[in-house]
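Please read the structure below before turning to the comments.
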Amino acid sequence: MSETQLSLFDDSTLNQRELIPTDAKIPIPPGTYTTIDELANHCNQCHRCGLGNTRTHAVVGRGNLQATIMIIGEAPGQTEDETGLPFVGRSGQLLDKILASVNLTTENEVYIGNINKCRPPENRVPTSEEVAACKPYLLEQIRLVDPKIILLTGATAVKGLTGDKRPITKIRGQWLEWEGRLCMPIFHPSYLLRNPSKDKGSPKWLMWQDIQAVRARFDEIRNHG
Ligand code: URA
């Protein structure tokens, strides 16, 4: 049998790809995945951190895979863990309303994901080890969707992607650049659920200012590139 024929039966490359997520010490290089489905399959087998032991589903993303705007949350909650979709519980319903207020939808302009793909027990904040173990998936996801604008909901999302540890109240609504992409930290919708006032200067009021600024920048990009 020739060497080419032999290589047809050599599945070592396949095995290696399947084994990548089981050990957090093995890096996942940029360019590992060609599709989000491939990445999601890996996440569902992943044990790079302990959250793999308790998940029902890995939660990768929902929305338009070619969206201009990507929203990054913290980590799945119970409804997300059960359904495998991000932001589908109460926070997600509010997020959809905020987007709809400026005519943005996940059918067209928006794709949604999270820093961590698996639910932390009791919805605790993911540890820095868990964030680090999951980060290569997030970087691959951003590379594949290639959004022009990234919205980071809450301090954990900002720190998880950019390393910036400033409180969300200090940086929300400000554009910042990360790896050549335009990012805006915004409040996490769960914070708005806990602070329902719509008075001028309240968190909800500020969120409505921020989403209008996002819409305006989106229009500029769409019209002028
Ligand atoms: N909160 C998040 O940060 N992400 C979700 O997917 C749901 C709630």
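The values are calculated or read from the model by the stated rules, or taken from the named source; none is laboratory data. Every value quoted in this text rests on a predicted model; they were computed, and no experiment measured them. In this analysis, Cβ positions are derived from the backbone assuming ideal geometry, glycine residues included, and neighbour counts consider all displayed protein chains. SASA here: full protein model, heavy atoms, side chains in, ligands and nucleic acids out. Shrake-Rupley method; radii C 1.70, N 1.55, O 1.52, S 1.80 Å.
Listed values, structure above:
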{"quantity": "Answer residue from the stretch 63-83, given it is outside any loop (DSSP other than H, G, I, E, B) and open to solvent by less than 40 Å² (accessible area, probe 1.4 Å) and is farthest from the ligand (Cβ to nearest atom) among those", "calculated": "69"}
{"quantity": "Odd one out for residue 220 among (1) within 19 Å of residue 92 (Cα to Cα); (2) open to solvent by 40 Å² or more (accessible area, probe 1.4 Å); (3) over 16 Å from the mean Cα position of the chain (by Cα)", "calculated": "(1)"}
{"quantity": "Yes/no for residue 136 being of a type outside the set (D, E, K, R) and open to solvent by 60 Å² or more (accessible area, probe 1.4 Å)", "calculated": "no"}
{"quantity": "Count of the stretch 76-121 residues which are without any contact (Cβ under 8 Å) to a residue 24 or more places away in the chain and closer than 20 Å to residue 193 by Cα", "calculated": "6"}
{"quantity": "Filtered residue count, the stretch 84-109, keeping only those that are of a type in the set (S, T, N, Q) and within 10 Å of the ligand (Cβ to nearest atom)", "calculated": "1"}
{"quantity": "Boolean, residue 125 is aliphatic (A, V, I, L, M), at pLDDT 95 or above, over 23 Å from residue 208 (Cβ atoms) and within 13 Å of the ligand (Cβ to nearest atom)", "calculated": "yes"}
{"quantity": "Answer from 162, 153 - the residue that is more than 12 Å from the chain's Cα centre (by Cα) and modelled with pLDDT of 95 or more", "calculated": "162"}
{"quantity": "Residue 119 being surrounded by fewer than 22 Cβ atoms within 10 Å (Cβ to Cβ) and either assigned to a loop (DSSP other than H, G, I, E, B) or at pLDDT 95 or above (or both)", "calculated": "no"}
{"quantity": "Residues satisfying the stated conditions in the stretch 48-62, i.e. surrounded by 24 or more Cβ atoms within 10 Å (Cβ to Cβ) and charged (D, E, K, R)", "calculated": "48"}
